[in-house]
Every structure is written in structure tokens, then in C-alpha cells.
1. Tell me which residues come under 5 Å, amide H to amide H, from G119 once H is placed; ignore anything under 5 positions away on its chain.
2. Under 5 Å between amide H atoms, partner at least 5 residues away or on a different chain: which partners does K37 have, H built in plane at 1.01 Å?
3. Suppose all protein chains stay in the model; what accessible area per residue would a 1.4 Å probe give for the chain, in Å²?
4. Using modelled amide H (1.01 Å from N, peptide plane; none on Pro or chain starts), what sits under 5 Å from the amide H of S357, excluding residues fewer than 5 places away?
5. Let me have the 222 nm mean residue ellipticity of the chain computed from DSSP H runs of 4+ only, each contributing -39500 (n - 2.57), with the sum over all residues rounded to the nearest 500.
6. Please tell me which of these pairs span more than 19 angstrom C-alpha to C-alpha: K314/K348; K314/K405; K314/K369?
7. For E382, what accessible area in Å² do you get when you roll a 1.4 Å probe over the heavy atoms of the protein chains, rounding to the nearest 10?
8. Just to make sure I understand: if all protein chains stay in place, what is the order of C116, C391 by accessible area at 1.4 Å, largest first?
Amino acid sequence: MPSKLYHYTDRALVSSLPDDLKKQMYNQYLITHDDIKISFCGLVINSSGAHVFLPRNSNIPKLDSRESYQIASFLMKAIRRYSEDRTSKLYALDGGIDCIGSHRLNLISTLLEDFCNNGLYSRRLSEKVLNTGKPDWKRTMSNQTPFPGKGGPVYLDVYGTRRRYFSDSEVSRIHASIIKQIDKSFGWIVTGSNLSVSQDIQNIPLSKGNITEQLRVLHSELISVFSERDIRLLQLLSEYLECNHGREISDSVIGLKHFHGMWEHMLDKTLSWNFPVNRLLSVPTYQFNDGTLKPAAAKAQRTDTVLRYPNSNKFAVVDAKYYGAQGLNSAPGWPDLVKQFFYAKALKVYCPESKVSNAFVFPGSGPLKSVHMQNRTTKNLEDDDYPPIKCLYLDPIKLINHYVKGKKLEEFSRDILFND
């Protein structure tokens, strides 16, 4: 039976955590004794179960419901994809991410997916047979006397070979032991449910050797296999044993202490009509005392996301803000506003005929509608000089689902561009 799932949200009060979970998060430096609120999205495993931290302003599903497993599964799949996206060459200049346990997440998920698709490791043995299996004509002609027939020589007996698959080996027992172990804590990541993936192998006996002996068995088997899947599986099993040598699987952390980067990345990937404008914007250039001009490309303007409706001059500058945005205290400050105003102006320079709108996108739901600049004396809104910035909210779970499935938020993108 998989671990029981408990759900919390990022930025919840530390005091709301169970004592055992709070102690573990202190010990693993996810929170400090001075913290009032949690800053973490992801998974914490301990002896009491799997504790899933959803993005802030998410709706917590009912305990043990089907939805609770699906939401948790999508979150972990999104974290896995995000870690892969951000370590690719495309994002090499961004300096990586602070995702805890991303390698472990990928290793566990890959092992479970391989088992669901291909089953337990089987040793392939080829045996010699008579009048069955794949004919071995060379051996038959060397050992049998042919009889003349209308179409040519006839052999009364034909030698052949047949492949048989055996799952009763030490490697199979090691594979079964590892799958049963990780299925208990992590199987729901792959299935999105509380169903066990290892139910059919529960009766297979555990491996008798210690980790060192198991690694020796796997390395010996690796020398004798040629199948691409077998080679990859044996390497993954070895890697898993090496990574878990001396540590408890029931004491694991996978996730991010700072989720804002993933929020921005997911939104950028799922909005429709993304327009790569950064390479078109002007760059700061420094003039030296000798009159030379040197551009500083590394210090150039870099917007979060810009949308352009197809075959039009309609643009939108989108800033994904992982803020609470439930009132003035948790709303964007002056630096955030200045950046939006400036990027709208920069787009006007690039395309003078463009119609540029601005938008903040916050997680969840909230009361903010738009941001305006107001004259202190007249109280008039200065929308002509400072174009208003729309405030939109997006359900984090909906965004995660679209990101994992590779789907676009076309309707939401249209709202950003056109709904004032």
C-alpha cells in the first residue's frame, strides 16, 4: 500500500505543521527556528507518510481522495520536467536551479516507469530443440540425412532454437526488491492514484545479499547482456543502490525552497503566442574616455514573457508574480511597476505602431484587478503616461497540469491580450 498523502501549501504557517514533520524540516534546513511561514514546494517523506507542499493559494484536496493523488502526481512530474528544462543547454546561462533531490526524483520515476512498461527483469536463455522453435538449418543439414522430395531435399527432423525467459534469478529478485521499496513511498508519482504498481511481484522473495553483494551481481550481469533496455535497467538499479547506500528511503526531500522561478517558467511555457523579443531590444552601451563605445550584451533588457497576437500589432508584457496578492501588503512594489512601464516603452521603440498591454499573473484567486498611477493632488489616474497593469490570477494546479501535458492556455492568453 502506497504512503498516505498529506497536503499543505507553500507559505503556510510553520505552526500548522505536525510536530514530527516540523522537526524533520528543521533538521534538513527547510525551515529555521525564526521562520513564521514555510517556503517550500514539493515532497517530504517520513515514517508517517508523504507530505506534499502545493504552490501558495492552491486549494487543498480532500484527504485520501482520488484528486489528492492526481494533484500530487502532477506537481512532482512538473518539478521533474522543470529540473530537466532548466539544466538543458537552452537555459545554461541562467545558472541552474535550486531543486532539491531532482536527480533522485528522475531516477525513481524512471525505474517505476520502466517497470510499468516492461515488467520484471528476465534472463533470456536460448535452448536447443527439435521440430520446434526457430529452425537452425546449418545444424540440421550437418546432422540429418535428407530425403528427396518434389521441391527439393526433405528433412524428417529439424533442429531449432527457442528462447525462454526466467524471472527466477538474483537480478530479478534485486529488481523486485527495489520496485517494492520505492513503490511504497513514490508509486503514486507515476500512477496518480493509491494503486500499487508492485502488486503482482509481492510474492517474489527479497534479495539475500547486502548492497555491496547486490552491486556485484548487477555488474556481473551487465557484462553478459546486449539488450538496450537490459543495459539501461541494470545501470539504473546499480545507480539506485549506490545513491541509497547508508540512507533511509523513508527520509526524503524533493522540491524547491523558492518556487517563483518555476512559476515564471511554467507560465512562459504554457501561454500562447509567446514572442521572443529580448534579442530585438536595445542593449546598454558604455562610452569610455577615449571615445570608444562598448555594448554590454550581458546587461541587456530581459523581459519575463511577451505575447504577440498572430498577424497583429497587439502585444502584452507579462510578469509572472508568485505573490500572495491578497491586498496592498502582498501586492507588487514600485520596482515591479517600473519594470513593467519601462518594458512597455521599450516595445514601443521596437514597434511604434504596437498596442502594448501590461499584466501581472498571480497564483490562485484574489481581489486585485489592475494597477494605475494616480496624481497625488488631483487624484486623477495618469493612464496615458503610465499604461495600467492588469492583475490576473491563475489556479496553480491548472497551470501545472497544462505544463506537464505540454498544453497551451490559449483562453487565458487571450484574456491577457484583449480583456481590459
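The values are calculated or read from the model by the stated rules, or taken from the named source; none is laboratory data. Because the structure is a prediction, the values reported are computed rather than measured. Note that we place each Cβ from the backbone using ideal geometry, even for glycine, and neighbour counts take in every protein chain shown. These area figures cover heavy atoms from the full protein model, side chains too; ligands, DNA and RNA do not enter into them. Shrake-Rupley method; radii C 1.70, N 1.55, O 1.52, S 1.80 Å.
1. none
2. Counting only residues 5 or more places away or on other chains, the set is V14.
3. 55 Å²
4. F315, A316, V317
5. The helix contribution divided over the chain gives -11500 deg cm²/dmol.
6. Beyond 19 Å: K314/K405; K314/K369.
7. So the heavy atoms of E382 present about 50 Å² to solvent.
8. Order by accessible area, largest first: C116, C391.
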